[in-house]
1. Report yes if Asn122 is at pLDDT 85 or above and assigned to a loop (DSSP other than H, G, I, E, B), otherwise no.
2. If you go through the stretch 79-118, how many residues are in contact with a Phe, Trp or Tyr (Cβ under 9 Å, 6 or more places away or on another chain) and either assigned to a strand (DSSP E or B) or hydroxyl-bearing (Ser, Thr, Tyr) (or both)?
3. Against the definition (part of a helix (DSSP H, G or I), farther than 21 Å from Ser177 by Cβ and at pLDDT 55 or above), how does Leu20 come out, yes or no?
4. Please go through the stretch 50-60 and give me each residue that is in a strand (DSSP E or B) and crowded, with 19+ Cβ neighbours inside 10 Å, ordered by number.
5. Go through (1) surrounded by fewer than 15 Cβ atoms within 10 Å (Cβ to Cβ); (2) under 22 Å from Ile82 (Cβ atoms) for Ser133 and report which single condition fails.
6. When you go through (1) farther than 22 Å from Ile128 by Cβ; (2) at pLDDT below 85 one by one for Asp26, which number turns out not to apply?
Amino acid sequence: MTQMIIVDESISSKQFEKVLDYLKFDDSTLPEIKIQLKKLKTKRRKIRNYFEGIDNIDRIDISVSKKDNKDKILIGIKIRAISNNGIKSLDASEIYIIENKNPNEIIYLCYVLIALLRLLLNTKNVTIYYDSSEIRGDFESNLNTEFSELFQILKSYFDRMVIKSVNKGKNIALVRSKLSIV
């Protein structure tokens, strides 16, 4: 049985149950064990304290890449928070998820959006940079897939979200290098 975890006050429990029904995600993405929840709360508190409050965070940049193995995919997600008042940016979180091979690449964005919801960062300007050399990307036009409804539900919680493809950059290179180690 799945334990109900409310992500944010703006998300009703019924909506969140619908999201949970779609998910069979890794525990680090949707923690339900007490120690994992404590780590998540600590991470949220650390981000808020670093910026001296959530209002001082201007935007969130996320870099996403993947690495194919024989029958699994390793997904790397790096979340960076940038301030609006001159405080140095913070590498807020790095998440690595092992997923069964799935031709539906929209699942990578679902993982990203869930991570941001768990960190309560969905009210900020969000830019998702995906690795165009690894991920095909046609997310918006290919919405008749297994995870497209989940993606639309998750996306509805983000007012200011942009998805961009990149082939190079410091954060994408960092995610790629960590994926290549594994």
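1. yes
2. 9
3. no
4. Hits for the stretch 50-60 are Ile57, Ile60.
5. Unmet condition: (2).
6. Going through the list (1) farther than 22 Å from Ile128 by Cβ; (2) at pLDDT below 85, Asp26 breaks only (1).
Each row is one residue, and each column tells you yes or no for (1) over 18 Å from Arg176 (Cβ atoms); (2) among the basic types (Lys, Arg); (3) more than 17 Å from the chain's Cα centre (by Cα).
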residue: Phe51; (1), (2), (3): yes, no, yes
residue: Arg59; (1), (2), (3): yes, yes, no
residue: Ser63; (1), (2), (3): no, no, no
residue: Asp71; (1), (2), (3): yes, no, yes
residue: Ile87; (1), (2), (3): yes, no, yes
residue: Asn100; (1), (2), (3): yes, no, yes
residue: Asn125; (1), (2), (3): yes, no, no
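The values are calculated or read from the model by the stated rules, or taken from the named source; none is laboratory data. Predicted model only: the values in this text are computed from it and were never measured. Neighbour counts run over all protein chains shown; Cβ positions are idealised from the backbone, glycine included.
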